[in-house]
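Heads up, the thing below is written out as structure tokens.
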């Protein structure tokens, strides 16, 4: 497989199942270092066991909690370095997904202004 994402750091929220899990697996397969993020710790750890430990960081985080997101950002920087791409996978069926996603994007944007990692968001519906 082509390693299009070699040298890249990607944060994937919702990576314990569905589209988020598939995206995380693909990023890993294509060479990225990936922060697996979900609020379902058990499902997240199950996914993590099937991926190379040197390419992943597992974080059980509620992304609606700004202090938890700050901790996530710090953990990614500590593990992988300063620059990361955030990928949030969502469906239109999620209650409040748009508002939540905007909140996370704003928090991460604010964090980047404080000389933290640069995040770019990609939305899937």
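Worth pointing out:
- Residue count, the stretch 51-69 (criterion: part of a helix (DSSP H, G or I), touching a residue at least 24 places away in the same chain (Cβ under 8 Å) and either out of contact with any helix residue (DSSP H, G or I) (no Cβ under 7 Å at 6 or more places or on another chain) or within 13 Å of residue 12 (Cβ to Cβ) (or both)): 1
- Residue match in the stretch 17-28 (condition: crowded, with 19+ Cβ neighbours inside 10 Å, under 21 Å from residue 78 (Cβ atoms) and touching a residue at least 60 places away in the same chain (Cβ under 8 Å)): yes
- Residue match in the stretch 57-68 (condition: at positive phi and either at pLDDT 85 or above or crowded, with 16+ Cβ neighbours inside 10 Å (or both)): no
- Matching residues, the stretch 9-50, being in contact with a strand residue (DSSP E or B) (Cβ under 9 Å, 6 or more places away or on another chain), assigned to a loop (DSSP other than H, G, I, E, B) and within 20 Å of residue 81 (Cα to Cα): 32
The values are calculated or read from the model by the stated rules, or taken from the named source; none is laboratory data. The structure presented is a predicted model; accordingly, all values stated were derived computationally and were not measured. As a convention, Cβ positions derive from the backbone with ideal geometry for all residues, glycine included, and neighbour counts pool all protein chains shown.
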